[in-house]
2 protein chains.
Amino acid sequence: MKIESLIKKVSAKSARSKAKNSSIVISSRLRLARNLNKYSFPNCASDSQRSNVLSDVEEALSALPYMKNGNFFTMDSLSDFEKKILVERHWISKELAEQKNGSAVYISSDQICSVMINEEDHLRIQFIKNNFNLNSLWKTLSKFDDVLEASLPYAFTKELGYLTSCPSNLGTGLRASVMMHLPGLLITGNIKKIIRASNQLGLAVRGLFGEGSDAYGHIYQISNQQTLGESEEEILNRLAAVLKNIVEHELNARSKYLENNKAKLSDLIARAHAILSSAHVISSDEAMNYLSYIRLAIDLGFISEEFRSLIDFLFIQIQPGHIEFPNAILSIESRDIKRAEILRNNFSKLPPLNFDK
Amino acid sequence: MKIESLIKKVSAKSARSKAKNSSIVISSRLRLARNLNKYSFPNCASDSQRSNVLSDVEEALSALPYMKNGNFFTMDSLSDFEKKILVERHWISKELAEQKNGSAVYISSDQICSVMINEEDHLRIQFIKNNFNLNSLWKTLSKFDDVLEASLPYAFTKELGYLTSCPSNLGTGLRASVMMHLPGLLITGNIKKIIRASNQLGLAVRGLFGEGSDAYGHIYQISNQQTLGESEEEILNRLAAVLKNIVEHELNARSKYLENNKAKLSDLIARAHAILSSAHVISSDEAMNYLSYIRLAIDLGFISEEFRSLIDFLFIQIQPGHIEFPNAILSIESRDIKRAEILRNNFSKLPPLNFDK
């Protein structure tokens with residue numbers, strides 16, 4: 001099974017090396033929406049048009065050296081359970097997972113780039129990295145897009161820019177989003193204020209799995225809402241400025257809470273640690289919220305930095321699809337039992353909390 | 001401070017020896033309401049009448065060999081914080097704690113008998129024992145009451161029996177109540193049915209501290225509501241029959257849940273154990289509910305029987321007044337921090353849970 005090797009690649013070890021510089025910012029993601037000018041948008045394209053889109057894009061991507069050892073999956077060929085895993089890794093969207101003929105995904109061998117074909121648009125090109133450097137990520141993505149554009153004639157007008165299936169992506173077609181871990185703002189009750197302010201500045205704040213999802217694990221996706229009337233650089237600079245501000249607020253909330261409510265903060269962290277070490281049944285939502293406090297404990301020095309990679313790895317490993325892997329669909333109860341087992345085993349490796357630091 | 005020595009007497013050791021036979025039934029309590037025929041009921045008595053009641057009763061009690069080394073406290077002489085402790089030990093009622101002149105309590109040196117003076121009635125005589133033998137307890141109480149009656153002329157008529165301040169106690173003046181630990185009925189959602197059935201059989205079901213209190217720690221007080229038209233023996237036999245039935249239902253609920261939901265039950269117990277071992281801030285309500293699961297774990301053999309006394313001891317030691325003892329009134333937050341500390345220290349003595357039993 002091809003998907004098996006892809007999943008095994010992201011081991012705890014590789015998560016570790018990637019996670020070194022990240023604390024509040026977990027990852028940055030840039031995504032371009034593109035369409036081919038020869039065909040109707042996917043939602044109104046005929047089956048043969050969708051197939052043509054797929055073969056055109058496949059041909060163009062195969063020609064790129066970067067994609068040479070990449071992984072290609074059509075949605076038709078995947079089981080529900082495999083699609084779940086790809087969604088949990090953020091390689092495909094839930095929307096793509098629901099599509100059938102002509103819908104597919106290319107994932108680069110370094111797992112940084114994924115190209116969704118026949119999702120809402122013909123092409124959704126995304127680059128994800130575990131740090132906060134939107135500009136360098138944009139340079140890579142932009143170059144990739146330029147090369148692709150040379151062989152795939154995009155739908156584009158001088159007045160509107162890149163044409164997209166939904167007007168909310170018109171223009172640059174760029175959605176830049178940063179995944180942030182904000183437990184401090186949550187504990188101090190300031191998160192709502194930050195969300196409101198971000199919205200007023202034209203940014204959307206969403207949960208871990210995008211639109212409509214909850215902020216389990218106190219992880220928020222913050223992204224630009226506007227794609228029209230601003231250059232890509234302007235979009236990225238504005239986003240970066242707001243994000244830096246949010247990081248400061250988060251750090252501030254943490255240090256104030258630590259100063260004024262050390263016992264309560266120790267309590268939150270100690271209980272999270274205790275439950276993850278001991279539970280026999282646990283849902284992914286609950287586990288993520290507790291893992292969030294452990295991640296915070298690492299940031300605050302209550303747990304050694306060397307365990308960060310393990311915790312970040314567990315955030316992914318406890319997702320429903322990953323729990324089921326490599327067996328099969330499990331009942332929710334069996335999944336919750338297996339998840340608790342995995343957490344107990346991993347937490348037995350952690351040293352006791354040290355609050356005197 | 002006199003109260004200090006009284007409190008220290010109930011050590012973990014004495015709690016242990018008393019608790020041996022108790023599991024679902026924690027304790028049995030019999031209480032008689034009595035009034036002296038010479039004086040008005042306390043709520044409409046003058047100050048001098050209340051004083052006279054007190055001195056008459058004091059004289060009669062002092063003459064009893066059983067009360068010779070007992071402890072005597074007037075409510076006037078106790079601080080709020082000391083009264084809180086007496087309430088938490090169930091030696092006085094919250095109502096007595098709120099009374100002033102002429103109100104007092106006698107507590108026998110073996111701590112089984114307490115006599116409240118000028119509560120709702122002139123005399124409230126109660127006997128508490130950590131087991132389920134209402135008949136033998138009744139024999140002791142009845143004899144004690146007969147001796148007292150010989151020197152204190154009670155208000156009594158042939159038609160109505162013993163006269164009491166509130167008609168709900170008229171007749172025998174007997175309230176028999178049994179404290180039961182019913183986590184199984186709670187977990188399985190059957191507790192409401194049992195309460196309804198008990199009510200229909202003329203029994204009241206209340207929380208740990210009587211009327212209007214919640215069933216923290218899954219502990220319920222079940223008592224007769226009627227005092228008129230039945231002999232004491234009939235009251236006790238009817239109560240005992242219902243209680244035996246409730247015990248069976250509780251045992252049934254436990255074994256069925258263990259059979260069908262072992263993972264969930266292990267989870268409840270493991271989490272309770274983890275939180276009590278790790279929390280840095282904890283309220284008494286929360287702590288009691290978790291201690292309840294530890295008590296259940298002992299009943300089920302997941303924790304060795306030898307720790308039962310410690311757990312039963314902690315049920316008392318984590319009450320607000322006991323947390324404050326021997327210092328002074330603490331803020332709720334400081335109390336919650338100190339309680340968590342006590343629990344962490346004590347739980348470090350417990351062995352790991354053994355669910356394979």
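The values are calculated or read from the model by the stated rules, or taken from the named source; none is laboratory data. Since we're looking at a predicted model, the values are computed, not measured. Cβ sites come from the backbone with ideal geometry, for glycine too, and all protein chains shown count toward neighbours. These accessible areas exclude ligands, DNA and RNA; they are computed on the full protein's heavy atoms, side chains included. Shrake-Rupley method; radii C 1.70, N 1.55, O 1.52, S 1.80 Å.
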Item to check | Those residues of the range B:289-308 which are in contact (Cβ under 8 Å) with a residue 60 or more places away in the chain and either under 18 Å from the mean Cα position of the chain (by Cα) or open to solvent by 10 Å² or more (accessible area, probe 1.4 Å) (or both), in sequence order | outcome: B:ASN289, B:LEU291, B:SER292, B:TYR293, B:ARG295, B:ASP299, B:ARG308
Checklist entry - Just for the range A:275-288: of the residues that are open to solvent by 20 Å² or more (accessible area, probe 1.4 Å) and either more than 14 Å from every other protein chain (Cβ to nearest Cβ) or without any contact (Cβ under 8 Å) to a residue 24 or more places away in the chain (or both), which one is farthest from the chain's Cα centre (by Cα)? => result A:GLU286
Item to check | The one condition in (1) more than 18 Å from A:ALA274 (Cα to Cα); (2) of a type outside the set (Lys, Arg); (3) open to solvent by 20 Å² or more (accessible area, probe 1.4 Å) that B:ILE311 fails to fulfil | outcome: (3)
Checklist entry - Filtering the range A:242-261 down to residues that are open to solvent by less than 50 Å² (accessible area, probe 1.4 Å) and in contact (Cβ under 8 Å) with a residue 24 or more places away in the chain, which residue is farthest from the chain's Cα centre (by Cα)? => result A:TYR257
Next on the checklist: Tell me yes or no: at least one residue of the range B:191-204 is under 20 Å from B:ILE294 (Cα atoms) and either open to solvent by 20 Å² or more (accessible area, probe 1.4 Å) or without any contact (Cβ under 8 Å) to a residue 40 or more places away in the chain (or both).
Outcome noted: yes
Item to check | Restricting the range A:23-44 to residues that are of a type in the set (Gly, Ala, Ser) and touching a residue at least 40 places away in the same chain (Cβ under 8 Å), the residue that is nearest to A:CYS166 (Cα to Cα) | outcome: A:ALA33
Checklist outcome for this item: For the range A:77-122 the number of residues that are more than 16 Å from the chain's Cα centre (by Cα), open to solvent by 10 Å² or more (accessible area, probe 1.4 Å) and among the hydrophobic types (A, V, I, L, M, F, W, C) is 2
Next on the checklist: I'd like to check something: does the range A:206-225 contain any residue that is more than 20 Å from the chain's Cα centre (by Cα), in contact (Cβ under 8 Å) with a residue 12 or more places away in the chain, over 17 Å from A:HIS181 (Cα atoms) and open to solvent by 40 Å² or more (accessible area, probe 1.4 Å)?
Outcome noted: no
Checklist outcome for this item: Taking the range B:226-241 and keeping residues open to solvent by less than 80 Å² (accessible area, probe 1.4 Å), out of contact with any strand residue (DSSP E or B) (no Cβ under 6 Å at 6 or more places or on another chain) and within 16 Å of B:VAL205 (Cβ to Cβ) leaves B:ARG238, B:ALA240, B:ALA241
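Answer yes or no as to whether B:LEU30 is under 26 Å from B:ILE316 (Cα atoms), at pLDDT 95 or above and open to solvent by less than 40 Å² (accessible area, probe 1.4 Å). I'd like the intermediate steps shown before the answer.
Values: under 26 Å from B:ILE316 (Cα atoms): yes; at pLDDT 95 or above: yes; open to solvent by less than 40 Å² (accessible area, probe 1.4 Å): yes.
Answer is yes for this residue.
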Next on the checklist: Condition check: in a helix (DSSP H, G or I) and away from chain B (no Cβ under 14 Å). Does A:GLU259 satisfy that?
Outcome noted: yes
Checklist entry - Do we find a residue being facing chain A (nearest Cβ under 9 Å) and small (Gly, Ala, Ser) anywhere in the range B:229-245? => result no
Checklist outcome for this item: With criteria (1) within 24 Å of the chain's Cα centre (by Cα); (2) within 14 Å of chain A (Cβ to nearest Cβ), B:MET179 comes up short on (2)
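Filter the range B:262-274 down to residues that are open to solvent by 10 Å² or more (accessible area, probe 1.4 Å) and either hydrophobic (A, V, I, L, M, F, W, C) or more than 11 Å from chain A (Cβ to nearest Cβ) (or both) and give me whichever is nearest to B:GLU341 (Cα to Cα). Even if it seems obvious, please write down each step before you answer.
So the first thing to find is which residues in the range B:262-274 are open to solvent by 10 Å² or more (accessible area, probe 1.4 Å), and the list is B:262-264, B:267-268, B:271, B:273.
Those still in the list that are either hydrophobic (A, V, I, L, M, F, W, C) or more than 11 Å from chain A (Cβ to nearest Cβ) (or both) too: B:263, B:268.
Details: B:ALA263: 29, B:LEU268: 22 Å.
In this case the residue turns out to be B:LEU268.
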Item to check | Given (1) under 27 Å from B:ALA45 (Cα atoms); (2) in contact with a helix residue (DSSP H, G or I) (Cβ under 7 Å, 6 or more places away or on another chain); (3) open to solvent by less than 60 Å² (accessible area, probe 1.4 Å), index of the condition B:LEU134 fails | outcome: (1)
